Amino acid sequence: MAVLFPTIEFATFFSIVFVVGWTLARRPRAWKLFAIAASYVFYGWWDWRFVLLLAASSVANEAGAIASTSAPTTALRRAAAGATIAADLALLGWFKYYGFAALNVDAVLTGLGLPALMPLIQVTL
């Protein structure tokens, strides 16, 4: 029998978020606050420590947005935006692609008879 949803909890959570989000669509500020809260609940459901990572990312992005909009020159605004984007890409690269890259580099090097260069660190997210 095919499973439509991974878990009933996800289906329930998604349904609630969808309906409330749709209801709040005409109130942008309330919708944004709800979307942020729903994101924190979603990531915290599996492991509360991910909420700390999301909070750190939120604070860094807010600081980058403030810096990039309040900088006195175009060059400083671009530098602030670039630094913020680089920080986001670094987080994405570490949590999403490090394991993939490490395993593939290791496989190629092992196939060539060379030792692995990158240690395999299990990063779960």
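The values are calculated or read from the model by the stated rules, or taken from the named source; none is laboratory data. Predicted, not measured: the structure shown is a model, and the values here were computed from it. Here the Cβ positions follow ideal geometry from the backbone for every residue, glycine too, while neighbour counts run over all protein chains shown. These accessible areas exclude ligands, DNA and RNA; they are computed on the full protein's heavy atoms, side chains included. Shrake-Rupley method; radii C 1.70, N 1.55, O 1.52, S 1.80 Å.
The criterion of being surrounded by 11 or more Cβ atoms within 10 Å (Cβ to Cβ), hydrophobic (A, V, I, L, M, F, W, C) and in a helix (DSSP H, G or I) holds for Ala83.
Exactly one residue out of Phe34, Phe50 is in contact (Cβ under 8 Å) with a residue 40 or more places away in the chain and in a helix (DSSP H, G or I): that is Phe50. Taking into account only those residues within the range 87-119 that are open to solvent by less than 70 Å² (accessible area, probe 1.4 Å) and not in a helix (DSSP H, G or I), which is farthest from Ser58 (Cα to Cα)? So, considering only residues that are open to solvent by less than 70 Å² (accessible area, probe 1.4 Å) and not in a helix (DSSP H, G or I), the one farthest from Ser58 (Cα to Cα) is Gly113.
One residue stands out among those in the range 17-35 that are among the aromatic types (Phe, Trp, Tyr) and farther than 20 Å from Leu54 by Cβ: the one that is most open to solvent (accessible area, probe 1.4 Å), which is Trp22.
A quick yes/no check of all residues on (1) modelled with pLDDT under 85; (2) within 22 Å of the chain's Cα centre (by Cα):
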{"position": "Ala11", "(1), (2)": "no, yes"}
{"position": "Val19", "(1), (2)": "no, no"}
{"position": "Arg27", "(1), (2)": "no, no"}
{"position": "Phe42", "(1), (2)": "no, yes"}
{"position": "Trp46", "(1), (2)": "yes, yes"}
{"position": "Phe50", "(1), (2)": "yes, yes"}
{"position": "Ser58", "(1), (2)": "no, yes"}
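Among the residues of the range 67-89, those that are hydrophobic (A, V, I, L, M, F, W, C) and either within 18 Å of Leu54 (Cα to Cα) or in contact (Cβ under 8 Å) with a residue 12 or more places away in the chain (or both) comprise Ala67, Ala80, Ala81, Ala83, Ile85, Ala86, Ala87, Leu89.
Yes/no per residue for (1) modelled with pLDDT of 85 or more; (2) over 29 Å from Tyr40 (Cβ atoms); (3) not aromatic (Phe, Trp, Tyr):
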residue: Gly64; (1), (2), (3): yes, no, yes
residue: Ser68; (1), (2), (3): yes, no, yes
residue: Arg78; (1), (2), (3): yes, yes, yes
residue: Leu91; (1), (2), (3): yes, no, yes
residue: Asp106; (1), (2), (3): no, yes, yes
